[in-house]
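Let me begin by presenting the structure, written as structure tokens, before commenting on it.
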Amino acid sequence: VAELRAGKTLTKVAEDYHTTPSTVYKTKRRWDTYHNNGSRPRKGHPKKLTAIQIIRINSYINRHRHLTWNDSHWRRKWRSKKRILLSEENAKERLQFAQYWIPRVSELLLSCFSRECTIQNAPNDPDGWVFRRLDEKFCKDLVNCQSHGK
């Protein structure tokens with residue numbers, strides 16, 4: 001910047017410092033605007049936590065090991081869902097399903113692992129499954145009749 005103010009051209013200063021004239025121009029402009037040649041902050045959202053907050057969180061975690069944190073997003077991890085308790089009604093339903101399919105295991109395997117079968121969640125029941133063969137493709141009782149229009 002001092003050499004430019006002394007009267008040297010951009011190209012001559014760039015040659016002396018083995019850089020491009022555009023870099024010299026940007027450096028001069030930064031000095032004129034900010035009176036500083038340090039790097040400017042990057043664009044984007046500012047950090048959510050200050051350095052001291054990060055240090056305090058880490059020290060708290062080290063003292064309380066039962067808590068874990070996701071370092072990249074500073075969010076707490078959640079433990080996986082516990083297994084839903086098996087009620088008597090559900091146990092009976094599962095037993096009936098097993099008793100029905102034990103003599104027909106070959107048909108069940110054929111329908112589950114064939115290209116002619118579509119497997120998807122049951123309508124309105126994310127825990128249930130529907131196995132459809134080609135001839136059952138458009139059965140009304142297997143299709144969710146809920147309207148998703150306006």
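Label Leu109 and Ser22 with points 7 Å out from Cα along Cα→Cβ: what is the distance between them in nm?
Reported label-point gap for Leu109 and Ser22 is 6.7 nm.
Kindly rank 23-30, 50-57 from highest to lowest mean number of other beta carbons found within 10 Å of each residue.
Put in order of decreasing packing, that is 23-30, 50-57.
Read the figures in this text as sums done on the coordinates, not as results from a lab. Keep in mind that this is a model prediction, so the values were computed, not measured. Glycine also receives a Cβ, built like all others from the backbone with ideal geometry; neighbour counts cover every protein chain displayed.
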